[in-house]
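Bear in mind these aren't lab numbers, they're just calculated from the coordinates by the rules spelled out. Predicted model only: the values in this text are computed from it and were never measured. Glycine gets a Cβ as well: all are built from the backbone with ideal geometry, and neighbour counts include every protein chain shown.
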Amino acid sequence: MSKNKNIGTIKDYITWYFKHLNYPDKFGLTGTMYDYKISGSGCKEKPANTYDSADSYAATYIMLVNEYYIKTKDIKIVRHVFKKLKDVAYIIPYLQDPKNGLIRALRGKDEEYLMDNCEDYGGITAYLNLLKIMGRKYRGAYKRYKRLRKSIKTAIIKNLYDNRRHNFDWAVIRGRKRYSNWDIYYPDALAQLFPILYGIVNSHKITGKLLWNKFESLYGNKSDSFPLEQKVLYILTKSKANK
């Protein structure tokens with residue numbers, strides 16, 4: 001598949017996602033995305049009327065739009081999706097836990113995940129770039145989301161980093177921390193890549209090096225057998241860790 005064809009496919013997906021956003025969904029949220037069941041031929045699609053996590057879906061879509069713009073400088077599609085992208089971005093602060101600053105995965109559920117929160121940080125970072133691109137009238141929103149990004153990073157480190165184990169807890173569920181065991185690949189060990197990839201920790205400082213070196217020593221030689229999305233995560237993190 002050529003590079004140009006890839007870009008066209010990504011643009012099609014950005015547009016498809018935009019057209020399928022919920023206004024509202026069955027939980028009363030706007031700007032969310034249901035999981036979809038697609039027929040083998042690709043001609044039929046049916047919403048599952050649910051999703052795995054409202055926050056991560058929002059964050060990863062924003063990151064995709066931003067990366068597409070960085071690669072193509074296609075300002076038209078950014079302007080086209082931006083009227084709904086504001087609602088997508090707002091899901092993240094809407095789901096922020098006022099007690100600890102972490103982002104909940106779902107409305108009405110007290111579940112906060114390391115992977116999701118790192119993606120939320122990445123999504124807000126991407127959204128800040130898009131707000132800058134959209135011009136001066138979004139200056140107020142830029143300031144608000146910049147504060148939000150800082151608060152997410154602070155909350156991740158404060159609530160999920162374990163100073164005794166020198167790794168991150170993979171979740172806080174109903175107020176209880178879920179400690180990470182390096183011998184458990186998913187979610188415990190794999191989750192440790194997310195703070196490196198999204199810049200919660202610096203890969204060249206002590207914490208980042210410890211996390212990467214530990215993961216690489218245990219699982220690096222097994223990376224060829226990872227599922228595709230996990231293999232991509234591993235490759236991207238490796239690239240960042242080795243810069």
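Label separation (residue 235 vs residue 83): 3.7 nm, computed from points 7 Å beyond Cα along the C-beta direction. Cα axis of helix 3-19 to longest principal axis of the chain: angle in degrees, 0 to 90, nearest 10? Approximately 80 degrees, to the nearest ten.
Multiplying the sequence separation of residue 223 and residue 147 by 0.36 nm and subtracting their Cα-Cα distance, what value in nm do you get?
Working: separation 76, 0.36 × 76 = 27.36 nm, distance 3.64 nm.
Fully extending the segment from residue 223 to residue 147 adds 23.7 nm.
Overall shape of the chain was characterised from the C-alpha gyration tensor. The equivalent ellipsoid obtained from it has semi-axes of 28, 22, 20 Å, in decreasing order. A dipole drawn for the chain from +1 and -1 charges on Cβ atoms has a positive end, and of 204, 70, 29 the residue lying farthest that way is 70. Exposure proxy shown here: for 170, 182, the number of other Cβ atoms within 10 Å sets the order, fewest to most, as 182, 170.
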